[in-house]
Amino acid sequence: MTDSKYFTTTKKGEIFELKAELNSDKKEKKKEAVKKVIASMTVGKDVSALFPDVVNCMQTDNLELKKLVYLYLMNYAKSQPDMAIMAVNTFVKDCEDPNPLIRALAVRTMGCIRVDKITEYLCEPLRKCLKDEDPYVRKTAAVCVAKLHDINAQLVEDQGFLDTLKDLISDSNPMVVANAVAALSEIAESHPNSNLLDLNPQSINKLLTALNECTEWGQIFILDCLANYTPRDDRESQSICERVTPRLSHANSAVVLSAVKVLMKFMEMLPKDLDYYGTLLKKLAPPLVTLLSAEPELQYVALRNINLIVQKRPEILKHEMKVFFVKYNDPIYVKLEKLDIMIRLASQANIAQVLAELKEYATEVDVDFVRKAVRAIGRCAIKVEQSAERCVSTLLDLIQTKVNYVVQEAIVVIKDIFRKYPNKYESVIATLCENLDSLDEPEARAAMIWIVGEYAERIDNADELLESFLEGFHDESTQVQLQLLTAIVKLFLKKPTETQELVQQVLSLATQDSDNPDLRDRGYIYWRLLSTDPVAAKEVVLAEKPLISEETDLIEPTLLEELICHIGTLASVYHKPPSAFVEGSRGVMHKRLPARTGSGEGTECPDVGNAAGGSAPEAAPSIIPSQGDLLGDLLNLDLAPPTTTGPTPSTSGMQMGGMDLLGGGLDSLMDESEPLGGDIGGSPAMGAGFGAAPTVMPASLNAPVGGGLGDLFDLGGGVGMPMGAYIPPKTVWLPAMKAKGLEISGTFARRAGVIQMELVLTNKAMSVMTDFAIQFNRNSFGLAPAGPLQVLTPLGPNQTIEVSLPLSTVGPVMKMDPLNNLQVAVKNNIDVFYFSCQYPISMLFVEDGKMERQVFLATWKDIPNDNESQFQIQDCHLNSEAASNKLQGSNIFTIAKRTVEGQDMLYMSIKLSNGIWVLAELKVQAGNPNYTISLKCRAPEVSQCVFQCYEAVLKN
Amino acid sequence: MIGGLFIYNHKGEVLISRVYRDDIGRNAVDAFRVNVIHARQQVRSPVTNIARTSFFHVKRSNIWLAAVTKQNVNAAMVFEFLYKMCDVMAAYFGKVSEENIKNNFVLIYELLDEILDFGYPQNSETGALKTFITQQGIKGQTKEEQSQITSQVTGQIGWRREGIKYRRNELFLDVLESVNLLMSPQGQVLSAHVSGRVVMKSYLSGMPECKFGMNDKIVIDKAGKGGVTDEVGKSDLGGGGSTSGKQSIAIDDCTFNQCVRLSKFDSERSISFIPPDGEYELMRYRTTKDIILPFRVIPLVREVGRTKLEVKVVIKSNFKPSLLAQKIEVRIPTPLNTSGVQVICMKGKAKYKASENAIVWKIKRMAGMKESQISAEIELLPTNDKKKWARPPISMNFEVPFAPSGLKVRYLKVFESKLNYSDHDVVKWVRYIGRSGIYETRC
């Protein structure tokens, strides 16, 4: 028991000595030496020089020594590939050893040696081990396939190991099944479209049987795999749930959480009126609560997950508020998470208890925790209206404590309360003003300034208060500066007579003496507003603000759905999709909840939701288009239906989703960028948006010189395509009458994978037109100009120019009606014009839209029949061959053809630029000019548009 | 899956480092040391993401165990595994300490090779591991022995080996409960729950089938309705020492050792299993209704001016007078600026411990339905600190010889069809111990 001595040898010449010992004749000495080597390796010393000597010790019947040598090999083989070959023979021999423990050890270690030459030798032993008579060897070999796949995926496929692995799912030994499932799941993750884990009712049944028999870890692998399955209907879903629920009583929290994941997911498919649905909901609460008596680290994981579950299904834990009360000795990370959940569960029924607790927490030691508790009181006020008054008085009590950070936090939340209940609690302003001097954090200062500005008319000395802040204007943070500027402008608009000097002072500070672009731009826009039209300025600056809603920190619904599918995993701990923290191809695939099938309740459209989810994070920044000078115009466009009132609170929850962003026009734009703060603080989108308008930049500056080249390239692309995609004829989009003499007609095309908008601009006016620019409104598929509009020369009277504008599909997304509608703004030196046009959806069909036959079959089955739509194409005189060719030109790919009783059935697949797949079955009967087409898609909305494309392509 | 596993001492020196995945480099070891162990501020989460690599850690005394990954692993599983790893190490060489880890590093590497394969946890039951991972190297196993080992490691009953023999078949059952309370200064129960464990030591021959029964409300009610005679009468284990006369208790939730057939519990609510050999935890449960709170704490804190506090605390015991509570300790927190304390207590010993900022009052034994009192005068140094003293709650420790939840064991039957011993031949012992969990009263 004195192995620790190996850690202490640090003398010089050590390697040399070790070398001698390794080559010693005495077994004991050899073993000692290897131990020393491993100890040195552990602490980070480079002992790779001893490679040949250590490998020499490999041939031994001492299992302990053998394992040590293997450990060394795994570490250094990669750096000494040539020498590692020396070990191959021993491995191959060990794989034949009569002792199953040695066979397994050899195959396990070989898989960890990432040297190509060794991998080659691994295949044969691995094949044998996968079929070994001993389950211990088989379960080890199963994992080895995953190892090998990580080194050389192609090799694994070529050698047919995947099929052998699939067979192991039916193995008689539960642990072999569990490891095979784990290995297959991992391999499948890197091939998102492969049908590797061919989950069907039979294999699911096998998994559920193994679930009852294997180790706790195996149960986790199986449950995590089950969660990827989508049952065919609610009956199957229920029967799986029934067999998974016993796992909720397992002592291992990970088994419980994985079971919860399966249940949460499959529950989506159960009709809500089903008795079983209610039973299941009730069964979920106790195990979740039990997780809170686990060790603190697990509690933390559990709480992060409960946070998600509470958002998705608040009914499960609504009566369990008390268990989330913070204990004095909880670690800080548990405390903070509990607090979050308490607020989510707060309701009228329990608010008294919650408030009493929160008040208690506000006196604790940990600063972060106290702050969060204070903030939580404010959130309660906003969430439960009946409690608002009590919350405000609690906050006032806390302000009286004069504890600096408590006071600051309280002021920040009171600002929010004012925004939720305007004109209700302003009596407390006096108390707040008393604490002005103690505020040293930007957020609190900004909040206080906002309050002063907003209620300037009720605060007698508002001008003095604001002036006092102005003294150190340049030392303040941007947040405070911006707020001060706005507050003084508000003050000026309310009390113009006394504050003229003050407003001039702040405007000059912001515009002339500041080098912060946000501040300067906001300063200029106020300045110009005030100098051109004070009445308009009043309408803009003092406009009624939309009420803030309580659920500002809710996770955006599509993300939430995805995270629910990842319960128990890191994604659920970080509250981020795996793609945000996992590199490479793994985990990039977005998971989503299945749609309800049983009752006729409104089913969400998962595909469109998914597409929006993918682009949601980018939605906010992409409000700013590439051409800065057009932003003002874009804003106008958004405002087309002028909105005077703010959006109702019920919709504001959705605004986070990025789908409805434009619904409320400018108001929602503001809400999006600053959920709670109103116009407080630096809002880059707003600042830049307003700021850009006065500093007009000529559009020609934006046109790159290389524009002509682009056109050349387009031409080439067009010629290169033999079949050619269908291009609808040009139509007039904007008549000259409506656009002060500018006529625009055009069409859309897809050339060499690039979507083009082909425009013909005609000048029917008397004067020259210049400075053309173009911008799109958000649309269903995120179309956006990929570059500026290339009109290099001025367009003289009666001149016509043809322009083609490449489009990208990464712009902001909003569902339009009809789906393929596109709203466009075109600007020239005369004015801005708006029109809308419809594009053929076929230009969104991408080139890699050909599905594997297997995948096609599975997907066709997988999509519920409700999503199928049938159409007739009349009067088409092509045979199936010609039709197929023609459609192929537009990226509609025929995958298979079947002839039944003189009727040709063509199976086709289409992939849209946003990843939506459309599957089609086209029936063509010889001699009959009418075709029947069935379309299946997870997003059935697109079917109509796709059908129109079929018709257009086939008939032209 | 888990990409690597490291063990560090408190200084951040690596004691064990095992990498399972190619995406984890050597620098990960240092990244954790620099960003977590040596971090200037205390780390505020057990999961840390450093440069797209996630680290999970747990601490056992001075030892850090960290698991690393670059994938979206099952986080709950990783922590469960880390705890399991600690258990396995403890089962092999006792306390998880730097000394012990260094002394057993070869063994630990061997274990890590066995229980984690490519980052996937494998069978980690010590019962099974000890059959083939020994420090003596490989013994001359016969072919039968080898296949017995492998079938046990991979088998359905991985926790028990065949062929166990005892001359005397014996069973020890401990019902260990910890009662948790949070009470307001006015004596209102803010939250209370019992978390209990049934710990068993079994010394039984062969592969016995066991059935465990307790006064679970759902089972009793069902039995009552179905007209089945209550088995309590026949039970040789009933009784215990509970003060409550109630027949059954409502269990909020329970979890079981992996040996228990969960599907059977789900459908029939019966607890049947083949027990591991030796000591193990059969089940855990939680109750919140009708809890017997063994003690009530009545605090009275009065601030006399800026430099003095008067504290009076009364404790009342609330159980049968014939029973004795033991190891009673009341901990009364004192402000940080305490300069001196005078204590008077009727029973036991009380001391002001400046280093712990608390008055600790200890009583060795106390019978039920009694009352005792302590009063203290605390002198304070005047401070400029604006923040008021946070007044942490008064906490209590104790041990009582009954189950505060009211749980009673009704029966534990043993069947072993192959060997010729019956349920009656097994000697069974039952013990109830109630301890304080977090038992706090705010003041």
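Any read-out appearing in this document is the output of simple, stated calculations on the displayed coordinates, not a laboratory observation. Note that the structure is predicted; figures quoted are calculated from it, not measured. When we count neighbours, we look across all protein chains shown, and the Cβ atoms used for this are built from the backbone with ideal geometry, even at glycine.
Where only DSSP H runs of four or more residues are counted, the protein assembly as shown gives -12000 deg cm²/dmol as its mean residue ellipticity at 222 nm, each run worth -39500 (n - 2.57).
Here each label is just a point 7 Å from Cα along the line to Cβ, and for A:S934 and A:E96 those points are 5.7 nm apart.
Length gained on full extension, B:E145 to B:Q41, computed as 0.36 nm times the residue gap minus the Cα-Cα distance: 32.1 nm.
The local environment of A:V88, defined by Cβ-Cβ distances under 13 Å, has a net charge of -3 under the rule Lys, Arg +1 and Asp, Glu -1. One decimal place: the segment B:K320-B:Q186 gains 45.8 nm when fully extended, by the rule 0.36 nm per residue minus the C-alpha distance.
Note on B:K222: lysines with a C-alpha under 26 Å away, same-chain residues under 8 apart excluded, are A:K282, A:K283, B:K211, B:K234, B:K246, B:K264, B:K289, B:K408, B:K413. Note on A:D862, A:D475, A:D340: ascending count of other Cβ atoms within 10 Å places them as A:D475, A:D862, A:D340, the fewest first.
Ratio of alpha-carbon Rg to the 2.2 N^0.38 Å globular estimate for region A:501-584, to two decimals, please.
Computed over Cα atoms of region A:501-584, the ratio equals 1.89.
Take the alpha carbon gyration tensor of the protein assembly as shown, find the square roots of its eigenvalues, order them as a ≥ b ≥ c, and report rounded if a/c is under 1.5; if not, report prolate when a/b exceeds b/c, else oblate. Taking the square roots of the gyration eigenvalues as a ≥ b ≥ c, the protein assembly as shown is oblate. Among A:D515, A:D273, the order by Cβ neighbours within 10 angstrom, fewest to most, reads A:D515, A:D273. Using only the C-alpha atoms, the convex hull of region A:366-496 corresponds to 100 Å³ per residue. The simple spin-label model puts a point 7 Å past each Cα toward its Cβ; for B:R52 and A:E389 those points are separated by 5.6 nm. Full extension of the segment from A:V43 to A:A896, taken as 0.36 nm per residue of separation minus the current Cα-Cα distance, would add 301.1 nm. Volume per residue of the convex hull around the Cα atoms, evaluated for region B:282-322, comes out as 162 Å³.
The calculated FRET efficiency for A:L554 paired with A:D817, based on their beta-carbon distance and R0 = 22 Å, is about 0.25. Checking the Cα-Cα distances for A:K67/A:K117; A:K31/B:K130; A:K261/B:K130; A:K424/A:K495; A:K338/A:K545 against a 24 Å cut-off, the pairs over it are A:K261/B:K130; A:K338/A:K545. Overall dimensions of region B:127-219, expressed as equivalent-ellipsoid semi-axes from the Cα gyration tensor (√(5λ), whole Å, largest first), are 43, 18, 12. Cβ crowding within 10 Å ranks A:M264, A:M814 as A:M814, A:M264, fewest other Cβ atoms first.
Cut-off under 20 Å on the C-alpha distance; same-chain residues fewer than 8 positions from A:K827 excluded. Which aspartates and glutamates are left, in chain and number order? Of all the aspartates and glutamates, those that pass the test against A:K827 - Cα under 20 Å, at least 8 places apart if same chain - are A:D629, A:D633, A:D638, A:E743, A:E758, A:D771, A:E802.
An oblate overall shape is assigned to region B:76-145, the ratio a/c of its alpha-carbon gyration tensor axes (a ≥ b ≥ c) being 1.5 or greater and a/b not exceeding b/c. The P(r) of chain B has a tail past 28 Å containing 64 percent of all C-alpha pairs.
Of the trypsin sites (Lys or Arg not before Pro) in region A:779-857, not one is in a loop by DSSP (not H, G, I, E or B) with at most 12 other beta carbons within 10 Å.
Long-range amide H contacts for B:M183: which residues qualify at under 5 Å (H placed 1.01 Å from N, peptide plane, sequence gap of 5 or more or a different chain)? So B:M183 has HN proximity to B:L190, B:E440, B:T441, B:R442.
Taking a straight Cα-Cα cut-off under 15 Å and skipping sequence neighbours fewer than 8 places away in the same chain, the aspartates and glutamates within cross-link reach of B:K102 are A:D3, A:E32, B:E13, B:E110.
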